[in-house]
């Protein structure tokens, strides 16, 4: 398990057969029982979004956190999540020298 200190995200990678599952545990989120993809992403801190964007490389991505009434999860894949974040946060750019994404 890897922990990203700045954003307090824990990352666990599980490989089964030809599938890579990445689980990002993001901590406390201001979410109820009924939420959308938008609500989940909006509840993340900006530093968490950038760190997730930089670390995503699995076939299946699970974002997990503690909502207002218990555990909340968002299951997606790297392509959908990457496209969604690039569209929503159009100021995310690639730094060739640092080899990571950043918010311009």
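The values are calculated or read from the model by the stated rules, or taken from the named source; none is laboratory data. Keep in mind the model is a prediction, meaning the values are calculated, not measured. We place every Cβ from the backbone using ideal geometry, glycine too, and count neighbours over all the protein chains shown.
Points to keep in mind about this one:
- If you go through segment 14-53 and keep only what is assigned to a strand (DSSP E or B) and either more than 23 Å from residue 100 (Cα to Cα) or in contact (Cβ under 8 Å) with a residue 12 or more places away in the chain (or both), you end up with 15, 16, 19, 20, 21, 22, 23, 24, 25, 26, 27, 28.
- Applying the condition of being over 16 Å from residue 39 (Cβ atoms) and touching a strand residue (DSSP E or B) at 6+ places or on another chain (Cβ under 7 Å) to segment 62-83 and asking which residue is surrounded by the fewest Cβ atoms within 10 Å (Cβ to Cβ) yields 77.
- Of the residues making up segment 1-41, those that are out of contact with any strand residue (DSSP E or B) (no Cβ under 6 Å at 6 or more places or on another chain), closer than 23 Å to residue 91 by Cα and at pLDDT 90 or above are 36, 37, 38, 39, 41.
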